[in-house]
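The values are calculated or read from the model by the stated rules, or taken from the named source; none is laboratory data. All figures in this text were calculated on a predicted structure; none of them were measured in a lab. Please note: Cβ atoms are built from the backbone with ideal geometry, for glycine as well, and neighbour counts cover all protein chains shown. Side chains included, ligands, DNA and RNA excluded: accessible areas come from the protein's heavy atoms. Shrake-Rupley method; radii C 1.70, N 1.55, O 1.52, S 1.80 Å.
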Amino acid sequence: MQAPNPAKLSINSATVREQWSLPQLIEGCVRAGIRGIAPWREQLKACGTAEAARLIREAGLTVSGLCRGGFFTGGTGQERQAALDENRRAVDEAAAIGAGCLVLVVGGLPKDSKDLAGARAQVRDGIGSLLEYARATRVPLAIEPLHPMYAADRACVNTLGQANDLCDELGPGAGVMVDVYHVWWDPHLEREILRAGRRILGFHLCDWLVPTRDILFDRGMMGDGVIDIPRIRVWVERAGYAGMYEVEIISAARWWKTDPDEVLRICRQRLVEAC
Ligand code: ZN
């Protein structure tokens with residue numbers, strides 16, 4: 001099996017968000033010879049979208065995605081409308097920085113609700129409403145299924161199968177984000193990756209640590225956990241994905257406390273050795 005091409009490495013800004021601002025990350029990527037980047041909106045805002053777009057362009061970086069839109073669910077129509085307005089702004093920002101897609105973390109249960117099916121219907125309607133705008137702006141929407149432990153508070157789309165069903169229903173402009181952290185456990189993963197095919201808009205890498213001490217902030221460096229990443233990577237490539245390998249490690253105890261130049265160096269090394 002051939003190792004991934006390190007020229008396709010992209011760094012998600014969450015990986016070093018405690019150490020570096022977006023301009024610092026851009027400089028760090030250039031120093032490390034890394035050619036891809038994926039900012040979060042918070043950092044884009046802190047930098048200014050136009051300024052970020054300029055810095056990214058001048059550095060010659062490819063933007064594998066913008067994190068994130070979504071959170072379509074809400075207890076009232078007003079809340080859901082506000083979410084939609086916010087998502088349109090996220091689409092504009094993705095277009096401004098030339099992002100390959102806008103990543104959607106779709107939202108969980110509305111406050112005080114136990115209606116999971118209803119929440120999922122709201123997600124479908126929300127993405128459906130956003131799609132026309134996203135298509136006109138030429139920003140593909142990447143539905144990211146999240147591990148079921150986040151179903152209540154972050155995303156009620158929890159399997160790649162569910163995300164594929166949504167894409168089937170919603171049509172062109174909607175695709176999926178495959179994040180190994182969220183989908184590695186799924187017995188139907190291979191089938192659903194092949195089903196997604198060219199709708200795969202991005203590929204997020206990290207690892208599942210045992211034990212996982214915090215469900216949000218304890219993701220591992222590739223190779224430090226139990227996910228058979230090369231196996232999943234081969235499935236994704238077999239499905240036709242030829243985009244970037246985006247490292248997204250949210251790690252408060254370890255990688256946010258490490259020298260960020262060193263983090264980038266290890267990301268590159270592990271992409272080749274453990275993915
Ligand atoms: Zn992800």
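Filtering the range 28-73 down to residues that are within 16 Å of the ligand (Cβ to nearest atom) and assigned to a helix (DSSP H, G or I), which residue is surrounded by the fewest Cβ atoms within 10 Å (Cβ to Cβ)? Here the answer is GLU42. Tell me which residues, restricted to the range 192-230, are within 16 Å of the ligand (Cβ to nearest atom), in contact with an Asp or Glu (Cβ under 9 Å, 6 or more places away or on another chain), touching a residue at least 24 places away in the same chain (Cβ under 8 Å) and small (Gly, Ala, Ser). Matches in the range 192-230: GLY202, GLY220. Among the residues of the range 194-217, are any crowded, with 19+ Cβ neighbours inside 10 Å, outside any strand (DSSP E or B) and among the β-branched types (Val, Ile, Thr)? No, the range 194-217 has no match at all.
Out of the residues in the range 175-191 that are assigned to a helix (DSSP H, G or I) and open to solvent by 10 Å² or more (accessible area, probe 1.4 Å), which is nearest to the ligand (Cβ to nearest atom)? That would be GLU190. Among the residues that make up the range 105-119, is at least one of them within 29 Å of TRP20 (Cβ to Cβ), open to solvent by less than 20 Å² (accessible area, probe 1.4 Å), out of contact with any Gly (no Cβ under 6 Å at 6 or more places or on another chain) and not small (Gly, Ala, Ser)? Within the range 105-119, not a single residue is within 29 Å of TRP20 (Cβ to Cβ), open to solvent by less than 20 Å² (accessible area, probe 1.4 Å), out of contact with any Gly (no Cβ under 6 Å at 6 or more places or on another chain) and not small (Gly, Ala, Ser). If you go through the range 74-104 and keep only what is surrounded by fewer than 16 Cβ atoms within 10 Å (Cβ to Cβ) and touching a Cys at 6+ places or on another chain (Cβ under 6 Å), you end up with nothing.
For first residues located in the range 231-252 and over 10 Å from THR15 (Cα atoms), partners that are at pLDDT below 95 and away from the ligand (no atom under 16 Å from the Cβ) and lie 6+ apart or on another chain with Cβ distances below 7 Å form the pairs VAL234/MET1. Filtering the range 145-156 to residues that are within 13 Å of the ligand (Cβ to nearest atom) and in contact with a helix residue (DSSP H, G or I) (Cβ under 7 Å, 6 or more places away or on another chain) leaves PRO145, LEU146, HIS147.
Residues in the range 157-174 that are within 16 Å of the ligand (Cβ to nearest atom) and buried (at least 24 other Cβ atoms within 10 Å of the Cβ): 3 in all.
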